[in-house]
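The values are calculated or read from the model by the stated rules, or taken from the named source; none is laboratory data. Every value quoted in this text rests on a predicted model; they were computed, and no experiment measured them. Note that we place each Cβ from the backbone using ideal geometry, even for glycine, and neighbour counts take in every protein chain shown. All accessible areas refer to the heavy atoms of the entire protein, side chains included, with ligands and DNA or RNA removed. Shrake-Rupley method; radii C 1.70, N 1.55, O 1.52, S 1.80 Å.
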Amino acid sequence: MASQTQRRSQSPDSASHEEEKPAQTPRIDTVSVDSASTDGPQPQLHAKTFLAVLSVCVIYFVQIYNVVGAGALTNTITLSLPPTTTSSVWLATSIAAATAILSPILSQAATVFGRRWFLVVPTLLGAAGSLVIARADSMDMAIAGFAVTGASYAAQPLLHAVSSEVVPRRYRSWGQAADLIANALGGITALLVSGGVVRTANVGDDGWRNFWYVGTGLYGLAGVLCAVLYRPLPREAGGGVGERLGRLDWGGYGLWAAGVLLFCVGLAWGGNPFPWSDPHTSATFAVGVFALVLLAGYEVFGKKDGMFHHGLFGHRNFAIALVCLFCEGVAFFGANSYFAFQVGVLYEADALLVGVRYSVTMFVSIFSAAVAGAYCAATKKVRWIAVTSFLFFVVFFACMASTDLTTNAHTWGYPVFLGIALGLSLVTLITLAQLSTPPELIAITSGLVIGIRSLGGSVGLAIYNALFTGAMSHVGDNIAAAVVPLGLPLSSLGPFIGALTAHDNESLFQIPGVTPQIVGAGADALLATFSTGFKHVWITAACFVAFAAIVAVFIEDPSKEFNMHIDAPLEKDEELYSPRV
């Protein structure tokens, strides 16, 4: 048996006594993708391992259900709640910002204290936040609810860590594929449910609240399942609670949280509601950038074993993965927030059919994720499939940038390219990042991966919002240019623009001088302005993913790291390696 037993890595849930000694800091050996390694003996995984992976997949399911619902129902929520100066972009941005801020923090804490309750508690917070959203009576309350659900996404890196570290490294890509399949199923469910609850509703109705009542139950179920099914082997505690708290990177946490939050707020405020020259925007943005610069100096020169542990950067693959995932975050959050928005505004009045169109992405990503998992496990290579994924992103955004009022049918097919890109990219890039860093730092690795991806999403949403708002600022001039030559009195122009943009059809025809021809011309001008705003979004996203495709070419395939070692097995050695009867 001893000859068959693999060396377990010093992960938080199966750490050795030596690694946990209070007086010592564990030495982290840099992972080299060229290091020699053998596949080792074949372990025999049992139900305990597969049920644990299932439990984290259920959490992933409900997280994506929530974030996709935020994107799909933003406009509906905005019209339902009382008017406010608070931008609706914060519904989705609050989730992205919370994920970016909390992911690296919680991941390092889980490395010191273990995974289990850092998975369960944030998930239950998601249930609380969903209930707040369902009961919201103002936009500020809705944003607060989304911010609370955002805390649940702090556990997302641990979902990727657990699904990888409990199975052989050779099959990590399959673990990531399982996460992405759960991701897709959650997205499909969200799109169909969100479309169903508002399909027959009038503007301002509250049917969207039922979506988050369902989300409350799903979050609660996911938290309970994880508590029951994910039960890692006992670990030896290294020192008291106070000593272990002292190992955490509190200085880095403060600078990271302040920098990311102020940076994102400054970006989101730029152009809406404040101009860039306003101190609300410029000062907030500048302080955020300054905090991030201080963080970089602190992590490079002051804290070598903090949230940006120096052991993570022993090979260029990890840095490449971070850059690519930042760009992937920009791409995903853009598509998630603006594809359904465009379809609903320009092409489709039925909310359910809007969701069905975007669900094509999720259905396709199930198959592309499975293909990526099988390909990486069989070939032990990730580089060209990562490059291919970003090329599919480029194709999708280029196609969307070519759309206008006449390309309705095309938007049924374009999501296929997005689905292929999503499934291929996340499976390969997360697998690459985890295999290019020390196994005992897999939680911190995953935390940075998800944090950087969400930071990309926050930055992307802020940029998109600024571009889209800039395009829509011309809507009044565009409508005026279309309707004044048709005879609309100038005294009626203001009320006409207000009623048209508010979709107030009852008031529209009561305005003096308004005719069906004028209404049609004004509506065409309004939709053309929307189309221009969407084009700006898609072109910007295409630039980011094209850059990522170039960066991905420099990935070095970590073939030697695809072996049969299990870094944090949930089963004892005698269970994993005993002969089958």
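A few remarks follow.
- Here the accessible area of segment 518-581 is 69 percent carbon and sulfur, with a 1.4 angstrom probe and all protein chains present.
- Dipole moment magnitude, nearest 20 debye, segment 302-382 about Cα centre, only Lys, Arg, Asp, Glu C-beta charged: 520
- Per residue value of the accessible surface for segment 378-514 (all protein chains in place, 1.4 Å probe), Å²: 34
- Using the Cβ-Cβ distance between H410 and V293 with R0 set to 56 Å, the FRET efficiency from 1/(1 + (r/R0)^6) comes to roughly 0.80.
- Accessible area (Å², per residue) of segment 256-331, counting only protein heavy atoms and a probe of 1.4 Å: 42
- Rounded to the nearest 500, the 222 nm mean residue ellipticity of the chain from helices alone is -23000 deg cm²/dmol, with -39,500 (n - 2.57) taken per DSSP H run of at least 4 residues.
- Rg in Å to one decimal, and Dmax rounded to a whole Å, for segment 512-581 via C-alpha atoms: 29.4, 88
- Building the convex hull from the alpha-carbon atoms of segment 229-386 and averaging its projection over directions returns 15.9 nm².
- Surface composition of segment 299-392: carbon and sulfur atoms hold 72% of the protein heavy-atom accessible area at a 1.4 Å probe.
- Carbon + sulfur, % of accessible area of segment 123-198 - ligands and nucleic acids excluded, 1.4 Å: 71
- Net lengthening on full extension, D524/R135 (0.36 nm per residue, minus Cα-Cα): 136.4 nm
- One decimal place: the segment L192-S491 gains 103.2 nm when fully extended, by the rule 0.36 nm per residue minus the C-alpha distance.
- Counting heavy atoms of the protein chains alone, T189 has an accessible area of about 40 Å² for a 1.4 Å probe.
- Longest segment of the chain lacking trypsin sites (Lys or Arg not before Pro) that sit in a DSSP loop with at most 12 other Cβ atoms within 10 Å: 28-571
- Square roots of 5 times each gyration tensor eigenvalue, C-alpha, segment 423-490, largest first, Å: 50, 11, 5
- In this structure S194 has an accessible area near 10 Å², from a 1.4 Å probe over the protein heavy atoms.
- Neighbours of V228 by Cβ distance under 15 Å: Lys/Arg scored +1, Asp/Glu scored -1, total +4.
- The chain - percent relative contact order, Cα under 8 Å, separation 6 or more: 27
- Potential lengthening between H46 and V300 on full extension [0.36 nm per residue; Cα-Cα distance subtracted]: 87.2 nm
- Accessible-area order (highest first, 1.4 angstrom probe) of the listed residues W276, W384, W90, W208: W384, W276, W90, W208
- The label-point distance for S578 and F274, in a model that sets each label 7 Å from Cα toward Cβ, rounds to 6.6 nm.
- Geometric extent, Cα atoms of segment 438-581 - Rg, Dmax (angstrom): 28.3, 90
- Kirkwood Rh and Cα Rg combined as Rg/Rh, segment 106-150: 1.16
- Longest site-free stretch - the chain; sites: GluC sites (Glu not before Pro), DSSP loop, at most 16 other Cβ within 10 Å: 237-555
- Matching label, volume of the Cα convex hull per residue in Å³ computed from the structure shown, candidates (i) 153; (ii) 173; (iii) 145: (iii)
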